[in-house]
Amino acid sequence: MTTSKPVLLTLATLSLLGALYLYRSARAPFAMSSTSTPEQRPTTATTTSILGLTISLSQISRSPPSLIVTLRNTSPDTPYTLLKWDTPLDPLAPKLGVFRLRDAETGADVPIDRIMVNRMTPPRAEDYVTVGPGSEEAHEVVFEGPWMPDVKPAKYRVWAEGTWRGVWDKWGDEVKKEEYFKSPFGGRGFGSGEVEMRVE
């Protein structure tokens, strides 16, 4: 039995299209734009550049506008000790440029006056935080100050981004003072998911 040329051509075309579809489907989950804008940032926790650590934001108050920053360690067996300086867990974070704000209505960035801080080294014990395997650390951040717009009610898109000053994959009591200058993960970037913050 012979098969006509049109039938063979149709089968070949369908096979080619099927292979192309499977190839594109396999690649799709890993596609990521290197030029993503803040509007494209996810509203859930974002994995940082350190495997197992995620940062998420959630609003708990509209007046004054406040967010809870949650640092989670999803690793089943690795603890992480972090230097809080210049991270979302730093008490001075809103004044250090760790958080970014954008007007949700106009799309305009909200300029934040940044302060310069002289740190005493080595860091004090309270400057560190240890997040054990499968646990989390939460910190409240209040967005108030002369740099916050007076317009109320208002909505802003908020996210955190920056660079870890020091992270060690061990418990806090295992980190020696001299290791402050030898952090294995220092210099790696971090980022959070974007949330909408309402002000009333």
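The values are calculated or read from the model by the stated rules, or taken from the named source; none is laboratory data. Here the structure is a predicted model, which means the values were calculated and not measured. Every residue, glycine among them, receives a Cβ derived from its backbone with ideal geometry; neighbour counts consider all protein chains shown.
Being assigned to a loop (DSSP other than H, G, I, E, B) and touching a strand residue (DSSP E or B) at 6+ places or on another chain (Cβ under 8 Å) is the filter; apply it to region 92-106 and report the residue that is modelled with the lowest pLDDT.
Gly97
If you check every pair at least six apart or on different chains, which have Cβ atoms under 6 Å apart with a residue in region 110-132 that is closer than 30 Å to Pro146 by Cβ first and a residue that is among the small types (Gly, Ala, Ser) second?
Note: pairs meeting the criteria are Arg114/Gly97.
Could you tell me which residue of region 62-85 is farthest from Asp127 (Cα to Cα), considering only residues that are among the aliphatic types (A, V, I, L, M) and buried (at least 21 other Cβ atoms within 10 Å of the Cβ)?
Applying the filter and picking the extreme gives Leu67.
Taking Thr130 as the residue in question, decide whether it is polar (S, T, N, Q) and either within 21 Å of Ser66 (Cβ to Cβ) or over 22 Å from the mean Cα position of the chain (by Cα) (or both).
no
Can you spot a residue in region 29-36 that is out of contact with any Lys or Arg (no Cβ under 7 Å at 6 or more places or on another chain), surrounded by 10 or more Cβ atoms within 10 Å (Cβ to Cβ) and either modelled with pLDDT of 55 or more or in a strand (DSSP E or B) (or both)?
no
Restricting region 165-200 to residues that are among the aliphatic types (A, V, I, L, M) and at pLDDT 95 or above, which is farthest from Ala125 (Cα to Cα)?
Applying the filter and picking the extreme gives Val199.
Take the residues in region 107-144 that are at pLDDT 95 or above and of a type in the set (S, T, N, Q), then tell me which one is farthest from Arg72 (Cα to Cα).
Filtering first and then ranking leaves Thr130.
Pull up region 163-200, narrow it to residues that are at negative phi and of a type in the set (Gly, Ala, Ser), then point me to the one that is surrounded by the most Cβ atoms within 10 Å (Cβ to Cβ).
Looking at residues that are at negative phi and of a type in the set (Gly, Ala, Ser), I get Ser192.
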